[in-house]
Amino acid sequence: MSKQLHIISLGCNKNLVDTEVMLGRLKEYELSDDVANSDVLIINTCGFIDAAKQESINTILDIHEQRKENSTLVVAGCLSERYREELALELPEVDLFTGVGDYERIDALLESKESTFSDEVYLIDGADRVVTGSTYHAYIKISEGCNQQCSFCAIPSFKGKLNSRSLDSIAKEVESLTKQGYYDFSFISQDSSSFLRDEGVSDGLIHLIKRIELIDGVKSARILYLYPSTTTMKLIQTIGDSKIFHNYFDMPIQHISDHMLKIMKRGFGKEKTNAQLQAMKALPNSFVRTGIIVGHPGETDESFQELCDYLKTFKFDRVSLFDYSHEEGTSAFDMPEIDDETKAKQLETLQAIVDEIHQEKLQAMIGKTIDVVVNGESDEHEYLLSAKAVLWAPEIDGEIYINDNEVENFELGKVYQATITDVAGSVLMATLK
């Protein structure tokens with residue numbers, strides 16, 4: 001009987017790719033949802049902000065409580081990398097620790113039963129991944145680390161400086177996945193628009209786009225996590241001209257006030273940031289997503305109101321709101337914090353604005369015919385299929401329900417045309433053509 005493996009991936013999709021690399025190295029194990037009967041249990045942790053750190057700790061303790069005697073509990077990833085000494089002392093429940101540089105050596109780690117922290121940057125090159133969660137879509141990590149110095153972010157302190165993969169390495173991975181039937185790709189990193197800057201190339205994403213367009217089998221692609229000061233107008237136009245890459249722009253601006261952008265060390269002010277966003281929005285069938293941090297130290301009533309006004313005016317297609325997390329090792333850590341009550345009120349105010357615009361965007365789609373991909377049965381009802389717009393990124397941009405009584409011989413992962421008929425809460429309803 002093969003050994004049982006239970007693996008949990010916490011945090012971002014970049015973490016998910018690393019988890020899939022570990023699965024590729026552990027194919028001799030049988031994946032199991034049963035914690036109590038698994039021989040090896042791996043938790044790939046997130047250590048970005050307080051909420052993520054607490055989730056990681058809670059997951060470790062919960063899995064330990066459920067596991068059987070003589071099983072091996074492994075903690076990997078960002079939390080382990082960031083707090084390696086502290087965790088080793090405070091979590092005797094864990095058998096093995098590893099950080100962010102040894103995913104491809106997880107099999108050797110389990111065999112040696114020794115905790116390992118590599119000082120080398122892990123760039124996936126040549127790794128045999130086991131893609132999870134989809135039969136048609138895969139995330140492609142294009143670089144590791146970050147050269148930015150944002151006041152609120154500790155990632156460079158434990159992920160290191162920017163290290164880009166080669167174009168050849170990325171292309172080979174995409175080619176391999178297309179041969180397995182994958183046709184939709186999201187290219188990700190901590191700062192995607194800085195790709196190849198560590199090699200002296202200022203607009204590396206343009207080279208990436210041109211290279212990926214040459215690969216047979218790639219039908220759909222998008223780039224996640226653009227950074228304002230490293231995104232150029234030429235890049236925006238290149239995406240707009242592409243037949244493969246959607247006019248999908250995911251650029252977390254964090255704020256719009258010049259006062260706050262300077263404090264946050266974002267490198268760009270309001271005028272240049274707005275010019276980029278307007279250029280993205282002007283492209284046909286564009287979709288613009290952003291992220292905002294609420295309650296960063298130094299925020300004034302005036303700068304907060306400026307942010308509110310900008311969100312109401314620009315009307316992003318999607319906005320993710322994040323409560324400021326006071327992280328050691330960041331320049332904002334030494335600044336006086338805004339009190340929790342004020343932050344909560346700010347978050348509530350922004351959420352109301354974002355929700356109203358989101359609903360407006362959804363209502364505007366009624367009557368439109370768009371390309372969708374069917375993912376399977378919805379969680380809402382057995383007779384409702386769950387789909388997403390091909391344009392959207394998986395999981396984060398929304399869901400479309402389709403009544404499967406109206407569908408005959410549909411195929412999961414296949415692209416169909418659908419007409420939007422209604423909005424139910426925050427979910428679109430549609431019929432296939």
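The values are calculated or read from the model by the stated rules, or taken from the named source; none is laboratory data. Values in this document were obtained by computation on a predicted structure and should not be read as measured data. In this analysis, Cβ positions are derived from the backbone assuming ideal geometry, glycine residues included, and neighbour counts consider all displayed protein chains.
The set of residues in the stretch 364-409 that are under 14 Å from Asp317 (Cβ atoms), among the β-branched types (Val, Ile, Thr) and assigned to a loop (DSSP other than H, G, I, E, B) contains only Ile396.
When Ala393, Ala352, Ala418, Ala389 are checked against the criterion of being among the small types (Gly, Ala, Ser) and assigned by TED's automatic domain parsing to the domain that holds Ile293, Ala352 stands alone in meeting it. Looking only at the stretch 219-249, residues that are under 17 Å from the mean Cα position of the chain (by Cα) and of a type in the set (Lys, Arg) come to 1 in all. The residues of the stretch 102-129 that are assigned to a loop (DSSP other than H, G, I, E, B) and in contact (Cβ under 8 Å) with a residue 60 or more places away in the chain, listed by number, are Tyr122, Ile124, Ala127, Asp128, Arg129.
One line per residue, one yes/no per condition, for (1) outside the structural domain of Gly47 (by TED's automatic domain parsing); (2) within 30 Å of Ala387 (Cα to Cα); (3) crowded, with 17+ Cβ neighbours inside 10 Å; (4) of a type in the set (S, T, N, Q):
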site: Lys161; (1), (2), (3), (4): yes, no, no, no
site: Glu173; (1), (2), (3), (4): yes, yes, yes, no
site: Gln180; (1), (2), (3), (4): yes, yes, no, yes
site: Phe185; (1), (2), (3), (4): yes, yes, yes, no
site: Leu205; (1), (2), (3), (4): yes, yes, yes, no
site: Lys210; (1), (2), (3), (4): yes, yes, no, no
site: Thr231; (1), (2), (3), (4): yes, no, yes, yes
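Scanning the stretch 165-196 for residues that are of a type in the set (Val, Ile, Thr) and more than 20 Å from the chain's Cα centre (by Cα) turns up just one, Thr178. Scan the stretch 376-425 for residues that are more than 28 Å from Gly240 (Cα to Cα), small (Gly, Ala, Ser) and at pLDDT 90 or above and the total you get is 3.
Among the residues of the stretch 306-329, the one identified as over 22 Å from the mean Cα position of the chain (by Cα) and polar (S, T, N, Q) is Thr313. The condition (being surrounded by fewer than 17 Cβ atoms within 10 Å (Cβ to Cβ), more than 20 Å from the chain's Cα centre (by Cα) and closer than 29 Å to Gly145 by Cα) is satisfied by just one residue among Leu41, Leu87, Leu61: Leu61.
Only one entry of Asp317, Asp323, Asp340 meets the criterion of being free of Cβ contacts under 8 Å to residues at least 24 places away in the same chain and on the phi < 0 side of the Ramachandran plot, and that entry is Asp340. Scanning the stretch 338-357 for residues that are exposed (fewer than 15 other Cβ atoms within 10 Å of the Cβ) and either in contact with a helix residue (DSSP H, G or I) (Cβ under 8 Å, 6 or more places away or on another chain) or among the acidic types (Asp, Glu) (or both) yields Asp339, Asp340, Glu341, Glu348, Asp355, Glu356. In summary, Ala332 fulfils each of the numbered conditions (1) within 23 Å of the chain's Cα centre (by Cα); (2) under 16 Å from Met260 (Cα atoms) with the single exception of condition (1). Taken together, the criteria place Gly133 among residues that are within 21 Å of the chain's Cα centre (by Cα) and farther than 24 Å from Gly101 by Cβ.
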